[in-house]
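Following: one structure in structure tokens, then a few remarks.
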Amino acid sequence: MEKNIKNVNEMIKRAKEIAQSVHGDKKDKKKYPYMSHIFDVAKRVSHLGKKYEVVALLHDAIEDAEPMDFKKEVTAQIEVAFDEEIVLAIKAMSKNPGEDYFLDYLPRLKANNIAKQVKIADSSHNLSKAHLLNKIDEIPLQKKLRSKYIKVLDELGEDGLSCEKPIIYQGEEWVEKK
């Protein structure tokens with residue numbers, strides 16, 4: 001495996017391969033392909049540059065890789081393929097076991113600008129699809145998630161409420177609800 005891929009198209013390709021190996025055919029709470037979330041977050045930061053896009057593609061890779069041996073393998077693949085700036089941002093995106101989300105994880109993440117921007121995109125995506133949890137038994141979860149993501153976005157310096165732009169899954173991608 002090539003150490004620290006330099007070609008941006010190869011970086012994106014490798015990031016997609018690693019993300020696919022972790023998330024594969026997994027589905028989210030509403031049974032939408034989890035990779036569609038990954039691709040939407042990457043699209044939301046693509047205007048900031050390819051490094052942001054790579055981090056977005058891999059923002060859940062380390063945290064979601066299971067079992068532990070696979071997590072170590074994924075981490076090693078990331079460390080080999082990408083430069084230190086990207087690796088540090090991906091690791092900043094990964095919540096560590098035992099970390100309090102607001103007291104430990106977010107302050108650590110905020111110290112890395114790439115991770116912070118990707119987390120804003122990630123949280124905005126999650127907030128913007130919370131409206132889909134609309135069955136009577138899902139309403140408590142919807143309220144809990146909306147509250148969490150608004151608070152996260154506020155903590156990251158955004159106006160959380162204004163980041164909510166309802167999206168729907170259409171044609172194999174997330175699009176703003178009209």
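The numbers here are math on the coordinates, done by the rules we state, and not lab data. All values derive from a computational prediction rather than experimental measurement. All Cβ positions, glycine included, derive from the backbone under ideal geometry; neighbour counts span all protein chains shown.
How do Met68, Met35, Met93 rank when sorted from fewest to most other Cβ atoms within 10 Å of their own Cβ?
Fewest-to-most ranking of Met68, Met35, Met93: Met68, Met35, Met93.
What ³J(HN,Hα) values, in whole Hz, does the Karplus curve 6.51 cos²θ - 1.76 cosθ + 1.60 give for segment 115-123 when θ = phi - 60°, with x put for Gly and Pro?
Rounded to whole hertz, the list is 4, 4, 5, 5, 5, 4, 5, 4, 5.
If we count GluC sites (Glu not before Pro) as exposed when they sit in a DSSP loop and have at most 10 other beta carbons within 10 Å, what is the longest stretch of the chain that avoids them all?
Working: sites that count: Glu2, Glu172.
In the chain, the maximal stretch lacking such sites is 3-171.
Would you order Val45, Val118, Val175 from fewest to most other beta-carbon atoms within 10 Å of each residue's own beta-carbon? Please report the intermediate quantities before stating the final value.
Details: Val45 24, Val118 30, Val175 11.
The most exposed by this proxy come first: Val175, Val45, Val118.
Once the Cβ-Cβ distance between Lys135 and Lys165 is put in as r, and R0 is 30 Å, what FRET efficiency do you end up with, to the nearest 0.05?
Details: r = 22 Å, r/R0 = 0.73.
The calculated FRET efficiency here is 0.85.
Taking only the alpha-carbon atoms of the chain, what semi-axes of the equivalent ellipsoid follow from 5 times the gyration tensor eigenvalues under a square root, in whole Å, largest first? Intermediate results must be reported in sequence, preceding the final value.
Numbers: eigenvalues 136, 65, 52 Å².
Whole-Å semi-axes of the equivalent ellipsoid: 26, 18, 16.
Going through the cross-link list Lys119/Lys148; Lys27/Lys129; Lys26/Lys71; Lys31/Lys135, which pairs have a Cα-Cα distance over 20 Å in this structure?
On the way: Lys119/Lys148 13 Å; Lys27/Lys129 14 Å; Lys26/Lys71 16 Å; Lys31/Lys135 14 Å.
As for pairs spanning more than 20 Å Cα to Cα, there are none.
Per residue of the chain, what 222 nm ellipticity follows from adding -39500 (n - 2.57) for every DSSP H run with n ≥ 4, rounded to the nearest 500? Could you put the intermediate results ahead of the total?
Numbers: 9 runs with 102 residues, N = 178.
Counting only the DSSP helices, I get -17500 deg cm²/dmol.
Assign unit charges at the C-beta atoms only (+1 for Lys and Arg, -1 for Asp and Glu), then state the dipole size of segment 8-176 relative to its Cα centre in Debye, rounded to the nearest 20. Display every interim value, and only then the final one.
On the way: 28 positive and 30 negative charges, 86 e Å.
Roughly 420 debye for segment 8-176.
Expressed in nm to one decimal, what extension gain is obtained for the pair Asp28 and Asn4 from 0.36 nm per residue of sequence separation less their Cα-Cα distance? Show your work: numbers first, answer last.
Working: separation 24, 0.36 × 24 = 8.64 nm, distance 3.13 nm.
Extra length from Asp28 to Asn4 when fully extended: 5.5 nm.
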